[in-house]
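These notes concern the structure reproduced below.
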Amino acid sequence: MLRSQNVRPLRFDISNCEYIPAEFDQELEKSRLHGNEILVVRSGVNVGDCCVYPAVEGKANCSDLVITRPLKGLNPSYAAMYVVSPIGKAALRLQRVGNAQPHFNVRSMKKSLFPLAPYDEQARIVGIVEQAINKMDEVIKSLEAESQLKQLDQSILAKAFRGELVPQDPNDEPASQLLERIQSERANDANAKPTRGRNKRSSVKAND
């Protein structure tokens, strides 16, 4: 049983699906899905989101979704891309009714004009858009991986200073004590530096 959260812009999300008895599915025959239907979220926060129901998912049913079964000559992916495009959103926004919660009037949507390109051109448009989306997904994954790598670097550094990267020798001193000892040795070295040069220059100035 598909709901609005299963429909994302140009993407079907199978997670969090609900299941209904077969008898109830028979009663909802009009909303039964077989594959390649165009689904539009009818109400809620993601109203207007649209995707194609994949045929590989098998039979399903849905609730609170506008179902468009494409006629001959219409590429369902092309139709979904139009719905989520700026032009499509502007056209469908005019059919929105209600103030408290966004909602689409199905009867008004049936009367909306649809720019139908030749079928071959629809296929080319779908291919170009899908290629662009795939490139965008690669960029997003790359940025996410870079962010995770930076977090991993910080985690490794923290573990290194805590001595958690390799098995520790119980006879070794802790890193904190090692740092304190190094700082103490540097301070002692600074105090032990000779100051003859400065005293000599001072005495020359006093004689002058």
Search result, residues across the stretch 5-58 that are open to solvent by less than 40 Å² (accessible area, probe 1.4 Å), within 28 Å of GLY127 (Cβ to Cβ) and among the small types (Gly, Ala, Ser): GLY35, GLY48, GLY58
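Conditions (1) part of a helix (DSSP H, G or I); (2) among the charged types (D, E, K, R); (3) within 17 Å of LYS89 (Cα to Cα), marked per residue:
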{"site": "CYS17", "(1), (2), (3)": "no, no, no"}
{"site": "ILE20", "(1), (2), (3)": "no, no, no"}
{"site": "LYS30", "(1), (2), (3)": "yes, yes, no"}
{"site": "ASN36", "(1), (2), (3)": "no, no, no"}
{"site": "VAL40", "(1), (2), (3)": "no, no, yes"}
Test result for GLN122, in contact with a Gly (Cβ under 9 Å, 6 or more places away or on another chain) and at pLDDT 80 or above: yes
Failed item, numbered, when PRO194 is tested on (1) at pLDDT 65 or above; (2) outside any helix (DSSP H, G or I): (1)
Those residues of the stretch 59-68 which are open to solvent by 30 Å² or more (accessible area, probe 1.4 Å) and not hydrophobic (A, V, I, L, M, F, W, C), in sequence order: LYS59, SER63, ASP64, THR68
Selection status of LYS159, within 14 Å of the chain's Cα centre (by Cα), in a helix (DSSP H, G or I), surrounded by 10 or more Cβ atoms within 10 Å (Cβ to Cβ) and modelled with pLDDT under 90: no
Qualifying positions in the stretch 95-113 - open to solvent by 70 Å² or more (accessible area, probe 1.4 Å), in a loop (DSSP other than H, G, I, E, B) and modelled with pLDDT of 70 or more: LYS111, LEU113
Which listed residue, of LEU116, LEU71, LEU92, is at pLDDT below 85 and in a loop (DSSP other than H, G, I, E, B): LEU71
Some residue of the stretch 51-68 being modelled with pLDDT of 85 or more, in contact with a His (Cβ under 7 Å, 6 or more places away or on another chain) and not in a helix (DSSP H, G or I): yes
Any hit, the stretch 74-83, residues being assigned to a loop (DSSP other than H, G, I, E, B), in contact with a Leu (Cβ under 8 Å, 6 or more places away or on another chain) and surrounded by fewer than 20 Cβ atoms within 10 Å (Cβ to Cβ): yes
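The values are calculated or read from the model by the stated rules, or taken from the named source; none is laboratory data. Because the structure is a prediction, the values reported are computed rather than measured. Please note: Cβ atoms are built from the backbone with ideal geometry, for glycine as well, and neighbour counts cover all protein chains shown. Note: areas computed on protein heavy atoms with side chains; ligands, DNA, RNA excluded. Shrake-Rupley method; radii C 1.70, N 1.55, O 1.52, S 1.80 Å.
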